[in-house]
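The structure under discussion appears below in the form of structure tokens.
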Amino acid sequence: MIGFMPEIYPDELVYSWFARYYAHSGHPAYVSALGDLMEKKNTRPDVEFISRINKDAKDIIQKMMPMEEMVLGHTMFPYYRFAGNARISNALWAMSANGGDAHQLLPVFKGKHGVQARHIKYCPECASESREAYGEAYWDRKATIRNIGICPKHKCRLEETSIEISAKQSPRLYVAEGEIKDTMPELAEDGLGFQLAEYMLEVFQSPIDFKNGVPVGDFLKSRLQGTKYLSARGMQMYISLLLDDIQDFYQGLQGTANENAEKQDAQYQGITEKHQLQHIFSNKNSDFYKICQLAFFLGISPGELTNPRLPKRTQTELYNEKVAQLYAKGLGCHRIAREVGGSPSTVREANKTKGKKLQGYPAARLGKQAVDWDVMDKEMLPEVGKAINEIYGGGKTRPKRVTGYAVTRHMEWPDRRLQYLPKCRELVEAYYEEFPVYWAREAVWAYKLLLRDKGMEDIHWRDMRVITNLRKDNFEAAFPYLERFADKGTAEDIRGLLPK
Ligand SMILES: [Zn+2]
């Protein structure tokens with residue numbers, strides 16, 4: 001019997017949700033909590049996917065959302081989005097309908113012997129935000145994406161726990177709230193590592209269009225058109241040149257994107273070999289990290305990568321047409337070769353296919369209409385100001401910290417909207433508060449609230465704790481800042497509340 005099932009948080013892993021169920025259920029051991037949820041009592045909880053759950057658990061999920069949504073929104077499924085339309089459609093169906101095993105259905109890399117295991121990671125800033133918003137931390141998918149070492153939202157380094165993610169070894173149900181330490185976040189540099197992390201997150205979070213049948217390798221190949229990596233007539237790829245440039249471009253990335261990349265298997269070092277590129281272009285390699293690396297290098301936007309369209313005509317067709325036109329003008333092959341690039345024999349070859357229709361690509365559809373961010377930035381500024389006022393709390397309501405996250409939620413915006421609105425973002429950043437400062441503001445507010453109903457001598461630390469939820473050490477950390485929000489006497493009274 002499943003007792004009270006907590007709600008699942010945005011981007012939370014099902015594993016984390018189950019662990020919180022255990023924490024809230026009152027079961028003395030995680031095994032009994034698993035017994036409530038799993039088909040078999042001894043099923044290992046999968047960190048990245050959903051293990052075989054029983055009917056009760058399934059019913060609860062289905063009352064909340066369709067099973068597909070749970071798989072797409074709360075497991076690492078989207079990491080395998082490039083594995084080909086047929087394969088991922090089938091996997092989604094099997095995983096949603098009858099608990100199919102992701103490790104069989106998707107190209108999930110199985111850790112080799114002697115290779116350092118991966119561990120659950122987390123962002124300390126994300127953890128404090130969820131503690132603020134929900135009163136507890138949780139494991140999210142963002143930090144679980146392989147090869148991401150920086151939180152794309154907060155630009156701070158992810159912390160690694162000692163909890164292994166492994167298909168073989170059983171992880172227990174580790175409750176995030178108990179494992180995540182209250183550490184000072186370490187800011188990462190504003191370099192390539194951060195940009196690539198942002199890029200990967202956006203690709204990961206983009207909806208999967210199961211109706212789009214364009215294989216990602218074909219699409220990436222089409223984006224070599226007009227670059228120096230493709231011959232003039234488009235028949236030959238210069239893979240070695242491409243590999244060299246990619247390696248130059250990402251030089252020094254190791255250590256920023258993933259501290260442990262060197263200790264890990266080659267699988268996670270990204271593109272290092274020619275054959276990896278060849279396999280991507282021929283749709284045999286669907287590795288998320290490598291594809292993101294390549295696409296980011298080629299300047300392909302996350303939107304284009306996740307909704308690939310092939311060009312109407314290939315470079316070869318365009319080349320052949322041009323050659324035909326020049327022949328029609330009466331030019332010879334040497335002259336044409338100088339004009340369009342390639343050798344005279346390439347030009348003669350191109351002319352042979354004149355009239356023959358080459359296999360064309362389906363017509364590209366129009367992209368989404370572009371948003372004018374500048375206009376939105378200006379228009380939204382007063383709205384953001386209002387939101388900040390409400391969040392900050394004007395004395396009547398409980399004060400909160402003004403963060404990008406809080407404003408985004410208040411405005412009901414998509415996660416990354418604020419990043420496109422520089423004026424709005426600047427306004428939010430002006431309100432940035434260190435936690436101890438915020439706690440001081442909160443404490444003063446709570447004290448004044450209590451003073452309305454009670455005499456000063458009746459107010460105790462316990463009352464403060466109930467209202468603010470502050471721990472003793474937090475409260476103490478706030479002491480130096482109390483005078484910013486109250487007069488000296490009041491600040492002194494508040495400090496006096498702490499039991500000696
Ligand atoms: Zn974060």
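The values are calculated or read from the model by the stated rules, or taken from the named source; none is laboratory data. Just so we're clear, the structure is a prediction, and the values are computed from it rather than from any experiment. Please note: Cβ atoms are built from the backbone with ideal geometry, for glycine as well, and neighbour counts cover all protein chains shown.
Only residues that are free of Cβ contacts under 8 Å to residues at least 40 places away in the same chain and in a loop (DSSP other than H, G, I, E, B): list them for region 453-496, please.
Answer for region 453-496, where residues must be free of Cβ contacts under 8 Å to residues at least 40 places away in the same chain and in a loop (DSSP other than H, G, I, E, B): 454, 455, 459, 460, 470, 471, 487, 496.
Has region 156-170 got at least one residue that is surrounded by fewer than 23 Cβ atoms within 10 Å (Cβ to Cβ), within 11 Å of the ligand (Cβ to nearest atom) and either under 23 Å from residue 417 (Cβ atoms) or outside the structural domain of residue 34 (by TED's automatic domain parsing) (or both)?
So far as region 156-170 goes, yes, one or more of its residues are surrounded by fewer than 23 Cβ atoms within 10 Å (Cβ to Cβ), within 11 Å of the ligand (Cβ to nearest atom) and either under 23 Å from residue 417 (Cβ atoms) or outside the structural domain of residue 34 (by TED's automatic domain parsing) (or both).
Count, please, the residues in region 147-185 that happen to be in a loop (DSSP other than H, G, I, E, B) and in contact with a strand residue (DSSP E or B) (Cβ under 9 Å, 6 or more places away or on another chain).
Summing the residues that are in a loop (DSSP other than H, G, I, E, B) and in contact with a strand residue (DSSP E or B) (Cβ under 9 Å, 6 or more places away or on another chain) in region 147-185 gives 14.
Against the conditions (1) surrounded by fewer than 16 Cβ atoms within 10 Å (Cβ to Cβ); (2) outside any helix (DSSP H, G or I), where does residue 233 fall short? Just the number, please.
For residue 233, the exception is condition (1).
Quick one: in region 123-146, of everything that is over 14 Å from residue 13 (Cα atoms) and in a loop (DSSP other than H, G, I, E, B), which residue is nearest to the ligand (Cβ to nearest atom)?
The selected residue is 123.
Given the structure, is residue 302 in contact with an Asp or Glu (Cβ under 7 Å, 6 or more places away or on another chain) and under 24 Å from residue 245 (Cα atoms)?
For residue 302, the condition - in contact with an Asp or Glu (Cβ under 7 Å, 6 or more places away or on another chain) and under 24 Å from residue 245 (Cα atoms) - is met.
Can you tell me which of 137, 94, 127 is small (Gly, Ala, Ser) and under 16 Å from the mean Cα position of the chain (by Cα)?
Unique residue meeting the criteria: 127.
Which numbered condition in (1) at pLDDT below 90; (2) more than 23 Å from the chain's Cα centre (by Cα) is the only one that residue 110 fails?
Condition (2) is where residue 110 drops out.
Could you list, in sequence order, all residues of region 18-45 that are surrounded by 22 or more Cβ atoms within 10 Å (Cβ to Cβ) and not small (Gly, Ala, Ser)?
Matches in region 18-45: 18, 20, 21, 22, 34, 37, 45.
Residue 452 is checked against (1) touching a Phe, Trp or Tyr at 6+ places or on another chain (Cβ under 8 Å); (2) surrounded by fewer than 17 Cβ atoms within 10 Å (Cβ to Cβ) and fails just one. What number does that condition carry?
Condition not satisfied by residue 452: (1).
Is region 84-102 home to any residue that is surrounded by fewer than 20 Cβ atoms within 10 Å (Cβ to Cβ), part of a loop (DSSP other than H, G, I, E, B) and either at pLDDT 90 or above or of a type in the set (Lys, Arg) (or both)?
Within region 84-102, one or more residues are surrounded by fewer than 20 Cβ atoms within 10 Å (Cβ to Cβ), part of a loop (DSSP other than H, G, I, E, B) and either at pLDDT 90 or above or of a type in the set (Lys, Arg) (or both).
Looking only at helices (runs of 4 or more DSSP H) that fall completely inside region 372-436, which ones have 1 or more residues that are more than 26 Å from residue 478 (Cα to Cα) and among the β-branched types (Val, Ile, Thr)?
373-392, 404-410
Taking residue 149 as meeting all but one of (1) within 15 Å of the ligand (Cβ to nearest atom); (2) over 30 Å from residue 304 (Cα atoms); (3) crowded, with 21+ Cβ neighbours inside 10 Å, write down the number of the exception.
Only one criterion in (1) within 15 Å of the ligand (Cβ to nearest atom); (2) over 30 Å from residue 304 (Cα atoms); (3) crowded, with 21+ Cβ neighbours inside 10 Å is unmet by residue 149, namely (2).
Before we move on, is residue 116 assigned to a loop (DSSP other than H, G, I, E, B), away from the ligand (no atom under 13 Å from the Cβ) and either under 30 Å from residue 468 (Cβ atoms) or at pLDDT below 90 (or both)?
For residue 116, the condition - assigned to a loop (DSSP other than H, G, I, E, B), away from the ligand (no atom under 13 Å from the Cβ) and either under 30 Å from residue 468 (Cβ atoms) or at pLDDT below 90 (or both) - is met.
Mind checking which pairs have a first residue in region 175-200 that is more than 30 Å from residue 27 (Cβ to Cβ) and a second that is among the charged types (D, E, K, R) and at pLDDT below 85, Cβ under 9 Å, 6 or more apart or different chains?
The qualifying pairs are 198/416.
Confirm whether residue 204 is assigned by TED's automatic domain parsing to the domain that holds residue 242 and crowded, with 18+ Cβ neighbours inside 10 Å.
Judged against the criteria, residue 204 is a match.
Counting only residues that are of a type in the set (S, T, N, Q) and closer than 15 Å to residue 46 by Cα, how many does region 83-95 have?
0
Of the residues 203, 214, only one is outside any loop (DSSP other than H, G, I, E, B), under 23 Å from residue 289 (Cβ atoms) and touching a residue at least 24 places away in the same chain (Cβ under 8 Å); which?
After applying the criteria, what remains is 203.
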